[in-house]
Structures are given as C-alpha cells and as structure tokens.
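Below: one structure, written as structure tokens.
A short reminder: the numbers here are calculations on the coordinates, not readings from a lab. As the structure is a prediction and not an experimental result, all values here were calculated from the model. For neighbour counting, all protein chains shown are included, and Cβ atoms are generated from backbone atoms with ideal geometry for every residue, glycine included.
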Amino acid sequence: MSEYDSYSSPLSGRYASKEMQRLFSQNHKFRTWRRLWVALAEAENELGLPISREQIEELRAHQDDINYADAERREKEVRHDVMSHVYAYGLQCPKAKGIIHLGATSCYVGDNTDLIILKEGLSLLREKLLNIIRELSVFAEKYKSLPTLAFTHFQPAQPTTVGKRACLWIQDLVMDLSDLDYASSSLLLLGSKGTTGTQASFLELFSGDHEKCRELDRLIAKKMGFPGTYPVSGQTYSRKVDFRVLSVLSAIAQSAHKFSNDLRLLQHLKEVEEPFEKHQIGSSAMAYKRNPMRSERMASLSDFLISNLLNPMQVASTQWFERTLDDSANRRLSISEGFLAADGILELYLNVASGLVVYPSMIRKHLMEELPFMATENILMDSVKAGGDRQLLHEKIRNYSMEAGKGIKERGEKNGLLSMIAGDPDFHMGIEELESRMQPENFVGRAPEQVDEFLEEHIRPLLSQNRDVARREAEISV
C-alpha cells in the first residue's frame, strides 16, 4: 500500500515544523525510553545494587539503534509496548538483559518520557514566541506614529496608530510567554515511584533503605536534566500537569486567533495585508483575489487547539485512584496534536508578522472620511471659548452629524459635516480653519509615546534577556 492509500495527519503533512515532528516521533520517544533505562541502571549501580559498569556500557552502546522489527513482533504476542521494547533491548544487550527496567513499572518510561517531551516542546514554542515578539516590535517601532482609524464594536472610534495596535498583539504574546515559562519551570519528573506510587519495589531492592529510595529519584532527575521529581504520585503523574501545559497552548491559540481576526479585517479594508507571493493563487475562480489564507489557517488551527483543552480537563477529572488506562489513547492524541497545532500556528504567525504589508494612503483615506466626526468635541470646545452656547452647539453638532451620516450611507456622498459647521455662524469657524484642524496626528493621544514606553520598558529588556535565542524564519509547507 502506497503512502497515498493511508491516512496522514495534516498536522504532520502540512502544518507543523520538522523540529516539532521530531519531538513526537517514534525515534525520539523510544530513544528517550532507553535513556531512562540507562539512567535507572546507573543510579541503581551508584546506590549499591549489583549492576556492573559493563552492563551499563552495553546499554549505552545500543541506546539509539532501536531494533523496531523485534519490538513490533514481540508486541503482537504480548500486547504490551513497554515489555516489547524491554525484550528488544535485551536482544541487543544480552549481558544487561536481566537488569533492564529493574524495579520499574511501565510509567517509569512512559510518563517520564512524556514529561521530558512536554518540556522540550515548550522550549521550542518559547523560541518561536520570542521571534514573533521580536518581529512585531520592529513593526510597532516603524509605525508607532502612523495614525489609523481605531474601532470599538468594529465601528469607527477615536484614532490610534498602527504601531500602538501592534503593541496589543505583542502584549498578549508576552502574557503567553510568561505562562509558558511558569509551566515549564514547574515541570518535574515522575521519577521511580513504582506500581502505585509507593516505591515498594525499590524499597525491597534496597533492603528497606528509605533514603536510598529517595536518592534514586534525585539521581534520575539530575541525569535527565530536571530539578527534581513530584513528591507524591500514583502510578502516573497527576494529569492536571497535562492540563496546565495544554492551557498554555490554548492561550497561545487565543492570542493568534485574535491577531488573525484583526488582520483579516484590516485586509478587507485594504489597510494592512499578510504576505502574498508573486505566483500565489488566491482563488480557483476569481483570479484577482488576494485571500488572507495564512491568517485563516491560523484561525482554523486555533479553533482546534482551543477546543483541544477539553481533553486534558476530562482526563484529569476522571482518573480512578492511583491510575486507570482510559487516559492513554486520549493523551497520545491530545498532547502530540496539541503541540503540533501550536507549532503550526506559530510558524504561520512568524511568517505573517515578518512580512506585513502596510498601505498608508488607504489608512489615511479611511481616517479622513471619519475624522470630522471625531473632531467635533474639539470644535465644540473652541466654539464655546469664542463665545458660543455649549448646549446649543452640542445639539447642532448632533443634528449635523446625523445629516452627514445619512448622506454618506444613503446617497454615497462625501462627509459634509465640516461644510455644515462652517456654514453656521454660531460656530465662528470657516471651512479653511476647520480643515486645517483635520490633522490625524493631533487625535491619537499618547499612542506614539505609549509604543516607545512599552517597547523600552518591557519588550527590549525581555529580548535582551533572551538574546541567545536564535533568530529564525518560518517553515511553511503549503
């Protein structure tokens, strides 16, 4: 059967990077199992169990060359993946065969490997988050003073700047980065807890020496690069850990979805666009189309990732006592596909953020169409200073605004509000004076200064602290 005759996940075939796919590959999983078996044997040797250096070196020599055919053949017989790989490892290591997995239960390799991969996956996502924050900060700096129409309820509101709006996107990602760092720093190993978490098998191996049981956990954690192990567990680590980690992924999806929504609306307005390549086709029927396909894909994958959070919620809440196996199939899907989806989303985000196209003329056109309405408060105040009646002028502005809006919407006219006000002697202002006031930069408040302050006080220190994080380009398959 060819590759075209079987199902292939779009997350691996179309969306996720090769780096993230490698973390959730069979090779990485089973090689990590073997690293854990080596660490266990080394620790047991150091604590006085009869395991020789020769046996450990034999295990280490075959740590990465996994004999899959032997393992797969054995699993068909015994229906147990861990014992099948213990058997296969033993075929390659006849001297160490009898001490592989000594005292351990399946979750020693299964759960510890999951925790290792969770940490590695978060590290990869962290690098991508920082790269996106870096790209958006450059964009925000460049356009910090470019006035643009702001929206509340997607109705024209007081102007902001293009750079200030980008700072809203950045701030969401900085919050996600903070949550990610907390989740990653709180990850510990399960360690060597045994069948129900009591370490009974290890207590037997160490002839009742409780301190050696504790030291075994500490040694394994250190060898695997973790600060320690969870102090108590059943056979598995608490599935609330999965929920905590996938909550971070869900939050990243929420931020990305918000950004993609904003950009799709801006592309509709012809103000800001995602990159569009020279030979890219927007529509199979409408050749002129420039569809925001990257942003739409971000939104679509984000929908999946946000809804995926239900999986660890249900798993964590329905575990029985010290362990039950109804978590296994779900976790194989929800954790791996959650990380692959998050990775695909951030690849798209980085690609879009590094190639945003801005159209200042269109931005100004839309802003100038609405600016007379937004300037009426200033016009009112200045007219009162010139001797006008505030209440009378307020009512006139309201009526003129309704009339101007009606002309725009019903008859397609240009905004005639300034002409109406100039024609009313109660305002003491001519059309030239009114038009001279229509300078967009006078209506953006502290937006440019807020961009400077945000970047200087929050983003540049963050990027400086993480200057060792490699700059990278996005990896997009289609």
Testing the spin-label approximation: label points 7 Å from Cα along Cα→Cβ at residue 232 and residue 322. State their distance in nm.
1.4 nm
Please give the helix 68-78 orientation as an angle from the longest Cα principal axis of the chain, in degrees from 0 to 90, rounded to the nearest 10.
70 degrees
Magnitude of the charge dipole, the range 376-437, Cβ model with Lys/Arg +1 and Asp/Glu -1, debye to 20
220 debye
Between residue 27 and residue 210, with labels modelled 7 Å along Cα→Cβ, what's the label distance in nm to one decimal, could you check?
4.6 nm
Any idea what the dipole of the chain comes to, in debye rounded to 20, about its Cα centre with Lys/Arg Cβ at +1 and Asp/Glu Cβ at -1?
600 debye
Could you give the length gained on full extension between residue 268 and residue 296, defined as 0.36 nm per residue of separation minus the Cα-Cα distance, in nm?
8.8 nm
The range 290-349: GluC sites (Glu not before Pro) in DSSP loop, at most 14 other beta carbons within 10 Å
322
Hey, if you put +1 on the Cβ of every Lys and Arg and -1 on every Asp and Glu Cβ in the chain, which of 9, 140, 346 ends up farthest toward the positive end of that dipole?
9
Run the numbers on the range 366-478 and let me know its relative contact order in percent, using alpha-carbon pairs under 8 Å that are six or more apart.
25 percent
Per the 1/(1 + (r/R0)^6) rule, R0 = 35 Å and r from the Cβ atoms of residue 168 and residue 411, FRET efficiency to 0.05 is 0.45
Apply the Kirkwood formula to the range 376-437: the hydrodynamic radius equals the inverse of the mean of 1/r over all pairs of different alpha-carbon atoms; give it in Å with one decimal.
11.8 Å
Note the angle between two axes, namely the Cα long axis of helix 81-92 and the longest principal axis of the Cα atoms of the chain, as a number of degrees from 0 to 90, rounded to the nearest 10.
60 degrees
Using only alpha carbon pairs under 8 Å that are at least six residues apart, calculate the relative contact order of the chain and give it in whole percent.
19 percent
By how many degrees, between 0 and 90 and to the nearest 10, does the Cα long axis of helix 106-142 differ from the longest principal axis of the chain?
20 degrees
Listed residue pairs exceeding 27 Å between alpha carbons, taken from 144/270; 258/414; 95/223; 164/385; 29/95:
258/414; 164/385
The distance between the Cα centres of the range 363-395 and the range 83-107, in whole Å, is 81 Å
Count charges around residue 251 for me, please; just the other residues with Cβ under 10 Å from its Cβ, Lys/Arg as +1, Asp/Glu as -1.
-3
For the chain, what does -39500 (n - 2.57) per DSSP helix run (n ≥ 4), summed and divided by total residues, give at 222 nm, in deg cm²/dmol to the nearest 500?
-20000 deg cm²/dmol
Simple spin-label estimate for residue 436 and residue 222 in nanometres, 7 Å along Cα-Cβ
7.8 nm
Sort out for me the Cα centre separation of the range 422-478 from the range 124-153, rounded to whole Å.
11 Å
Stretched fully, the stretch from residue 333 through residue 370 gains (0.36 nm per residue minus C-alpha distance, one decimal, in nm) 8.3 nm
